[in-house]
1. Quick one: if you take sqrt(5λ) for each eigenvalue of the C-alpha gyration tensor of region 28-98, what semi-axes come out, biggest first, whole angstrom?
2. Helix 36-61 against the longest principal axis of the chain: what's the angle in degrees, Cα atoms only, rounded to the nearest 10?
3. Go ahead and set up a Gaussian network model of the chain, Cα springs under 10 Å, then flag whichever of 84, 127, 46 fluctuates most.
4. How far is helix 71-96 tilted, in degrees, relative to the longest principal axis of the Cα atoms in the chain, given as a value from 0 to 90 rounded to the nearest 10?
5. If each residue of separation counts as 0.36 nm, what is the full-extension length gain between residue 138 and residue 99 once their alpha-carbon separation is subtracted?
6. Which distance in nm do the two modelled labels at residue 123 and residue 107 give, with both placed 7 Å along the Cα-to-Cβ direction?
7. If you compute Kirkwood radius over Cα pairs in Å for the structure shown, which of [x] 15.7; [y] 20.5; [z] 19.7 do you land on?
8. Tell me the relative contact order for region 60-162 as a rounded percent, counting alpha carbon contacts under 8 Å between residues six or more apart.
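Rule-based calculations on the coordinates, nothing more; no lab input. Here the structure is a predicted model, which means the values were calculated and not measured. We place every Cβ from the backbone using ideal geometry, glycine too, and count neighbours over all the protein chains shown.
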């Protein structure tokens, strides 16, 4: 038997192809409106109800249509209306499991925070206004966390495919 002294040569037994290792069982891929997606749907519905309530209170608080000529009143009426429209559209696409839902949720979150800042400036509020800093912090955290979840979650990617 001759000894092969070439260090780069393959051993004689390795000329045969080794079978590939079996694939790793990963279990079922998460999909469907379950878990955190169910929580997100409930929170979207609650947010739609809150924005509708805020619109009704704003309209009821107006003494006449002349109040709409004031920019602060117009902004106070328009901001919740825009967020309500985006929220209702997001709920509709959510239930249809549309592939556009995650992006719309992110746009809705960014719009909500932006319009909150616009409303704050239009009303002349500051962070020292009672409860305003807590409201801003909650809005940033809530919208930021849900936007990140909808952008990165595997369940979201597997659910919204239509």
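1. 34, 10, 7
2. Between the helix axis and the principal axis of the chain, the angle is about 10 degrees.
3. Checking each option, the largest mean-square fluctuation is seen for 127.
4. 40
5. 11.3 nm
6. Roughly 2.7 nm, to one decimal.
7. The listed entry that was calculated here is [z].
8. With pairs under 8 Å counted, the relative contact order is 37 percent.
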